[in-house]
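Undergrad: I have a structure here, written as structure tokens, and I will follow up with some questions on it.
FYI, it's all coordinate maths here, none of it is from the lab. Just so we're clear, the structure is a prediction, and the values are computed from it rather than from any experiment. For neighbour counting, all protein chains shown are included, and Cβ atoms are generated from backbone atoms with ideal geometry for every residue, glycine included.
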Amino acid sequence: MSGKKQSEEDCEKSGDLTKVCKAAKEEVDKLEELEGQLAEAKQAHKNDLEVLRSEVGEKITGLQQFCDRIDKAIAKVGEVKLVRRSSAFPIWKTLKLGTHPSAEALRKAIVAKKNKISDWGNDILKRISVSPKETEIDLVKLTVAQLGLTSGGTREQIYAKAKEPGLETCPAEVGPQLRLQYQDQPYGEWILVGMEPIAGSDGLPRVFGVGLSSGVRWLNAYDGYADDFWFPEDVWVFGRRK
């Protein structure tokens, strides 16, 4: 092959490579342009997504706040209904609580008024806490039968029935305060205090009771097991919402 012919072939090959390189570069440019477009589209969608998330978040927050307001309104209606239902039971007596600095001071005041305290009564009286400030509680007095348990019922059933119309268990301080402030109790009357039982020194649960027998005003304590049975005529006091 002559040198001239070889040179021509080399030029042709060089031209072909140039074309290929140019075409490849154009393809690369197109791909880079496409990559840029995709990046822009991604950013745009990302921005749209962030806006959407923000809008949805605001709507969810608003919906949650609305639901919270509804829940509060329902709770308020429930409270009003309970107050109205509990008002069906008249207030029997309003007691003052927090009149003495300690349970021991309260015990001394009870004895000073010539009341007597049983051993069980003394035992749980030592274990109560008194209100740190003076306050009042409205009491409702009713029999087990008046709560709808006409054949009697357990303490657990009695408390459950009392809570249906919105009555509440009393602070333990109600027991000794009732004895102190109920000096004109009629003969033969015995009242049990609807309270959370207190464990005595023997570990057994007990509740307070007040009564008048043989001319003596007593502060007693009675068994407070959930399944202890009480007769239809037994009298209890519970707190009433103000």
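Undergrad: Would you mind calculating the relative contact order of the range 105-228 from Cα pairs under 8 angstrom and at least 6 residues apart, reporting the percent as a whole number?
TA: Reported relative contact order: 32 percent.
Undergrad: 7 Å from Cα along Cα→Cβ at both Glu26 and Asp119: what's the point-to-point distance in nm?
TA: Taking the simple label geometry, Glu26 and Asp119 are separated by 11.4 nm.
Undergrad: What's the exposure ranking of Trp190, Trp236, going from fewest to most Cβ atoms within 10 Å?
TA: Trp190, Trp236
Undergrad: Report the net charge of residues surrounding Lys25, where surrounding means a beta-carbon distance below 12 angstrom and charges are Lys +1, Arg +1, Asp -1, Glu -1.
TA: -1
Undergrad: On full extension of the chain, what length is gained from Gln181 through Thr154, given 0.36 nm per residue of separation minus the C-alpha to C-alpha distance?
TA: Stretched out fully, the Gln181 to Thr154 stretch lengthens by 6.9 nm.
Undergrad: Describe numerically, in nm with one decimal, the distance between label points set 7 Å from Cα along Cα→Cβ at Gln43 and at Thr135.
TA: My value for the distance between the label points is 6.3 nm.
Undergrad: What order, most packed first, do the peptides 148-157, 225-234 have when packing is the mean number of other Cβ atoms within 10 Å of each residue?
TA: Top of the packing list down: 148-157, 225-234.
Undergrad: What is the Cα centroid distance between the range 110-151 and the range 158-225, reported in whole angstrom?
TA: So the separation of the two Cα centres works out to 4 Å.
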